[in-house]
Each structure stands twice: as structure tokens, then as C-alpha cells.
1. Please list, by residue number, everything in the range 118-144 whose backbone N is under 16 Å from a paramagnetic label point 7 Å out along Cα→Cβ of V155.
2. Where both partners of a DSSP beta bridge lie in the range 165-268, what percent of those bridges are antiparallel, to the nearest 5?
3. How do 108-116, 238-246 rank on mean C-beta neighbours within 10 Å, highest first?
4. Stretch R259-K195 to full length: gain in nm at 0.36 nm per residue minus the Cα-Cα span?
5. What residues from the range 146-172 fall in the zone where the backbone N is under 13 Å from a label point 7 Å along the Cα-to-C-beta line of E127?
6. Here are some pairs, K142/K225; K167/K246; K142/K195; K167/K195; K221/K246; K167/K225; which of them have Cα atoms lying more than 20 Å apart in this structure?
7. Return, for the Cα atoms of the range 118-268, the radius of gyration and Dmax in Å, separated by a comma.
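Every number here is computed from the coordinates shown, using simple stated rules; none is lab data. All values derive from a computational prediction rather than experimental measurement. We place every Cβ from the backbone using ideal geometry, glycine too, and count neighbours over all the protein chains shown.
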Amino acid sequence: MEKNAFDTLWNPVTGCMRNCEYCYARDVAKQFFYEGETLDAPPELQRTWIRDSSGSGAGNHVLRYPVDTVDGKPVPYPFGFAPTFHRYLLNDCTAREGRNILVCSMADLFGDWVPDSWIDEVMQACEKAPQHNYLFLTKNVKRYCKNEGGYGVPVAENMWYGTTITKWDDVGRFDYLPAFCNTFVSIEPLLEDIKPGKCNIMFRQVNWFIIGAETGRRKDKVVPKRKWIEDIVNECRKNGKPVFMKSSLAEIWGGPLIREFPDGLKKL
Ligand code: SF4
């Protein structure tokens, strides 16, 4: 079986207001959009969604979806890509054996529009199942940090905080990864040369690097140059940092993909 960077994807919150042109999650979510009647349901079975970018408050609308199907068809994203809290999924991580879980691959959980209360409930669910490692990924990395006016994430051995970097201009984000925590950088999709030699502090400080290319069939899709990838790998090597290549690099890389894990995430 192919080795993945994460064992499990867990999506108690979905949807995002950032509108990145290459977003695969938006395409997936829109396929499952369903605008149907609403029913009553107890709070733990409700989904809450945000209609506008004002975030919490008047823009929140509580609807219900006590079931995952409508007319026999699955409807995992009834509100399309509108930020949605699927509260009924909070207890989904109780599987006994430990896993490396990517939290909210279909959202940016730390987007400014996400209410603190949603993040609180996700963090509490993580606390209840400490046998797993939880990996978070955001472009709004300042929200990890309380001293930047952000949420202030918990520090624990099994919590991993990451940010996405696609271009040279994004590199400064790593500087806001929370101190005293396990960290990673997802360089996916790699859209240009990120000049790894000029950001070697990042390669010294961060624990793990994931590299991937854009997928899908977007008109202006970027196919990264092999040299951009080589430079990242070389900088990881210089600093003794593990690197994981996604399958999307297979053709460009042309040889066996490098698939390394940091100590805390070695297969559990
Ligand atoms: S931040 Fe992530 S989830 Fe949000 S639009 Fe961009 S790629 Fe999609």
C-alpha cells in the first residue's frame, strides 16, 4: 500500500473563504452541495455554517443534518464550501490504535472567520483521544499564537502545527509557527522556486517538510521544475530534516520518492 504523509483525514470543520485558485477541496465540496429543507436536531447532530466573512455572530446559521444522506446519496458538504462545523464528527477519533491525523484537510481551521468556539471544541476532542498525533495546517499562521492576538494553540507532544508555503513570498509564515511545538511546512503546491538557500533559518527550525505539486486540470496549472525540488531536498539534507514527497511529484522527480518522517510521527 502507498505510504501517505498522514494515516487519516478528519474534517469536523470544512469550507474556507480564502479562494486559492488551485484549491482541490473547493472542487470536492461543491460536488456534494445540497440545498434542502431543514429539520430540527439536537445540537450534537447539527451542522453550523457561516454565511458571510463576518465570522461568528449574526452570520452564523444553525441548520441540521442528522443524517449523512439525502435520497440515499451522501451529502458530506451540504453547504458547499461555506465554512461549516460538523459537530457530529467530533467523536470520530476514538479508534483505539494511534494514528497520524491531519485535522481539517477540507478547511482552514485557523481562518479569521472561524469562531474560537469551533477551534475549542476540536481541541477538546483531540484531548479526549491522546493516542493519536494531530497535525494542523493553516495559511493564517499568526492565529496559532496568542501573543499575535490569535487563538493560542495547546502545546503537547502529539500536536503538530504546520503552515503552507507555495511561493517565495509565503516563506515568512514559518516565523509564526508556535514555539516549543512540533512543526512542519507543507510546500504544496510548489508554484515557484522558493529559494531554499535564502531561507535556511526555516530549514533549521522546522521539524518536517512535505513537498507536492499542483493536481487537477486548472488552465494555468503550474508544473514545478525538478531543480526547485532538488534545492529543497538539499537544504533539508544540510539541516538533517526529514522530507516527504507526495505522489504528485513522481513524474517530475523521476526516481523513487523520498518518504521520511520525523521521530514523533514514525508509523505508530
Ligand atoms: S486555504 Fe486551503 S482550503 Fe482554503 S481555499 Fe486555499 S487551498 Fe483551499
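1. Within reach of a label on V155: 144.
2. Around 10 percent antiparallel, to the nearest 5.
3. Working: 108-116: 20.1, 238-246: 18.1.
Output ranking for 108-116, 238-246: 108-116, 238-246.
4. Length gained between R259 and K195: 20.9 nm.
5. 153-156
6. In this structure, K142/K225; K142/K195 exceed 20 Å between Cα atoms.
7. Radius of gyration, then largest Cα-Cα span, for the range 118-268: 15.8, 45 Å.
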